[in-house]
Amino acid sequence: LVGFLSLLVFILKVGLQLNWFSNFMGSAWNTVDNANTIFGVWAITLLILSFGQLIKKDLGLGRGIACFLIGVLSFSVLLMLSFKILWWYLLLALILLLVLGISFLKEVRLGWLSALFTILVITVIFIIFGTPKFVQMPVPTEVALGFKPSWSITSATLFSGVKDFFIGSGLGSFGVDFSKFRSLSFNSDTVAWSMRFNQPFSTLLALLSEGGVILVCALIFLVLLALGHIFQVWNKVRFAAAAEVNLIFKKDRFLFESFLLTVSFLVLTIGFGLVFYSQVLWWAWWLFLALIISGFSFYHKNFTSDKEWKLEDTPQYSLSFSFGLIVVMTALIMISVWGVRLYMGERFYTQALASGDNKKAQQYISEAIAKRPNSDVYHSALAQIYLNQAVEAGKQNNPDIQGISAIMAKA
């Protein structure tokens, strides 16, 4: 339903020039991300989920019509955008979906499976010969950092130190890495010299540079762990007897959907290396992973495990629990006090910057330093205020040299 609404808003604006949601969206072209490429990945995910359900047997009429409509809207969005990278991405997604359908031929409708193969052939034609001009719609040009400069900055960040290699430069800090390690060619380029890129070519490169090798390895381990369990269930279903397969598929009627979500999860995971994901696609990735684990846990006893932890009301446990509770409460109080002081310091610092009177600015910045005495930014601002006072004193007809020297000494 959410996918249908997002696709409908885009088609109304781009295809029919009906910008009914301009008050909410502003200049944005879609409801998912500033870049239409990300919206194209979102459309491919919806296409896989909707057309994938159509190939399943025993699908209700209402659900079938809804899935067909969402699938058609998704493909229409891809036609309007006609980005070549999206066609390659769709080709990969359709291949995985067809592999799923062929693996369970007895549980799918061959007519819809043939229709999916037809869409795959059309996608290959669009990749080779291009999309017809009459279906393409004018959308804003997107400027992004290419793969080669992104990899150059990522590798320079990784090998700039032991800390950066293992834990990266910090999540969301690629803009700093770009400023530190971009090549000299940016400065001589007539277009790129004034541009600042806060994200690399793909999410995988961002994870490498910002989170380091440890974060990427942890993510790979998580994916392989989930896929290993899924592969066990897949083998169990494929090599089971026909009667047992029918029993498994018809028991709760969501095993096929679990496999379908696995395909979508794989498609989004592969997309880490192709595009830079926004919050919506990250949220979808984690949601699919959670749904996969929940779904397959009904068909494989080792997919999840329950752990029980008992808290007994005994003297030694009561004493340790009370001590731990006191420590936690003390820590919370200290963190809260520190947070209030941090907020008040920033508030006074902002008032000092906005003030046009040096005396008032000095009072505000002094208050800020009282809240955070170790902040070098506040001390630097106070030094600048003293310098401004010295300049003003020096502009008088008979400047007080001794007084100006005292102000400069404070600075």
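Express the relative contact order of the chain as a whole percentage, based on alpha carbon pairs under 8 Å and six or more residues apart in sequence.
Reported as a whole number, the value is 12 percent.
Assuming a ≥ b ≥ c are the square roots of the Cα gyration tensor eigenvalues, decide whether region 272-366 counts as rounded (a/c under 1.5), prolate (otherwise, with a/b larger than b/c) or oblate.
Oblate is the answer for region 272-366, as a/c is 1.5 or above yet b/c matches or exceeds a/b.
Give the carbon-plus-sulfur fraction of the accessible surface of the chain in %, rounded to a whole number; probe 1.4 Å, heavy atoms of protein chains only.
That share works out to 67 percent.
Does region 1-98 classify as rounded, prolate or oblate by the C-alpha gyration tensor (a ≥ b ≥ c root eigenvalues; a/c under 1.5 gives rounded; else a/b over b/c gives prolate, otherwise oblate)? Intermediate results must be reported in sequence, preceding the final value.
Values: a/c = 2.58, a/b = 1.43, b/c = 1.81.
Taking the square roots of the gyration eigenvalues as a ≥ b ≥ c, region 1-98 is oblate.
When the chain is modelled as a GNM with alpha-carbon springs shorter than 10 Å, which of Ser76, Ser185, Ser380 fluctuates the most?
Its mean-square fluctuation being the largest, the pick is Ser380.
Within straight cross-link reach of Lys360, meaning Cα distance under 24 Å, which lysines are found once same-chain residues fewer than 8 apart are removed?
Of all the lysines, those that pass the test against Lys360 - Cα under 24 Å, at least 8 places apart if same chain - are Lys371, Lys395, Lys410.
In square nanometres and to one decimal, what's the mean projected area of the convex hull around the Cα atoms of the chain?
Mean shadow area of the hull around the Cα atoms is 33.1 nm².
For the chain, what does the accessible surface come to per residue with a 1.4 Å probe? Please give it in Å².
Averaged over the residues of the chain, the accessible area is 59 Å².
With just the Cα atoms defining each centre, how far is region 116-180 from region 213-234? Give it in Å.
23
Skipping prolines and chain starts, which residues have an amide H placed within reach, meaning under 5 Å, of the one on Lys56, given they are 5 or more residues away or on another chain?
Distant-sequence amide H within range of Lys56: Arg109.
I need the calculated FRET efficiency for the pair Ser173 and Val223, taking r as the beta carbon distance and R₀ as 30 Å, to the nearest 0.05.
0.80
For region 92-152, what value does the Rg/Rh ratio take when both radii are computed over Cα atoms and Rh is the Kirkwood radius, given to two decimals?
Details: Rg = 17.3 Å, Rh = 14.8 Å.
Reported Rg/Rh, Kirkwood definition of Rh: 1.17.
Need one number: the % of Cα-Cα pairs in region 347-398 sitting beyond the 16 Å mark. Walk me through the numbers on the way to the answer.
Values: 489 of 1326 pairs.
Here the tail beyond 16 Å accounts for 37 percent of pairs.
What shape does region 44-188 take by its C-alpha gyration tensor, where a ≥ b ≥ c are the square roots of the eigenvalues and a/c under 1.5 counts as rounded, a/b above b/c as prolate, and the rest as oblate?
Since a/c reaches 1.5 and a/b is larger than b/c, the shape of region 44-188 is classed as prolate.
How much length, in nm to one decimal, is gained on full extension between Met408 and Phe129, taken as 0.36 nm per residue of separation minus their Cα-Cα distance? Intermediate values should be presented prior to the final figure.
On the way: separation 279, 0.36 × 279 = 100.44 nm, distance 7.20 nm.
Length gained, Met408 through Phe129: 93.2 nm.
Which Cα, out of Val108, Leu342, Gly130, lies furthest along the positive dipole direction of the chain (beta carbon charges, K/R +1, D/E -1)?
The listed residue farthest towards the positive side: Val108.
For Lys56, go through the lysines and keep the ones whose alpha-carbon is under 26 Å away, minus same-chain ones fewer than eight residues off.
Lys106, Lys236, Lys250, Lys251, Lys301
Residue separation times 0.36 nm, minus the C-alpha to C-alpha distance between Asp357 and Trp88: what's the value?
90.8 nm
Based solely on its DSSP helices, what 222 nm [θ] is calculated for the chain when runs of n ≥ 4 H residues each add -39,500 (n - 2.57) and the sum is averaged over all residues, nearest 500 deg cm²/dmol? Don't skip to the end; give the middle numbers.
Working: 18 runs with 291 residues, N = 411.
Calculated from helices alone, the mean residue ellipticity at 222 nm is -23500 deg cm²/dmol.
Could you work out the Kirkwood radius for region 67-106, taking every pair of different alpha carbons, averaging 1/r and inverting it, reported in Å?
After inverting the mean inverse Cα-Cα distance, the result is 11.3 Å.
Treating cross-link reach as a plain straight distance, find the lysines whose alpha-carbon is under 18 Å from the alpha-carbon of Lys163, omitting any fewer than eight places away in the same chain.
Partners within reach: Lys180.
Measure out, as a whole number of angstrom, how far apart the alpha-carbon centroids of region 325-347 and region 369-399 sit.
30
Only four residue types carry charge here, +1 at the Cβ of Lys and Arg and -1 at the Cβ of Asp and Glu. Report the dipole size of the chain about the Cα centre in Debye, rounded to the nearest 20.
On the way: 29 positive and 21 negative charges, 141 e Å.
Once rounded to the nearest 20, the dipole reads 680 debye.
Which helices pass in the chain if a helix is a full DSSP H run, must span at least 15 angstrom along its long axis by Cα, and must have mean Kyte-Doolittle hydropathy not below 0.0?
Helix filter hits for the chain: 2-14, 36-54, 61-81, 84-103, 110-129, 147-158, 203-238, 242-252, 255-270, 279-296, 315-354, 376-394.
The values are calculated or read from the model by the stated rules, or taken from the named source; none is laboratory data. Computed from a prediction, not measured in an experiment: that's the story for all the values here. Here the Cβ is made from the backbone with ideal geometry for all residues, glycine too, and neighbour counts use every protein chain on show. Ligands, DNA and RNA are excluded from the accessible area calculation, which covers all protein heavy atoms including side chains. Shrake-Rupley method; radii C 1.70, N 1.55, O 1.52, S 1.80 Å.
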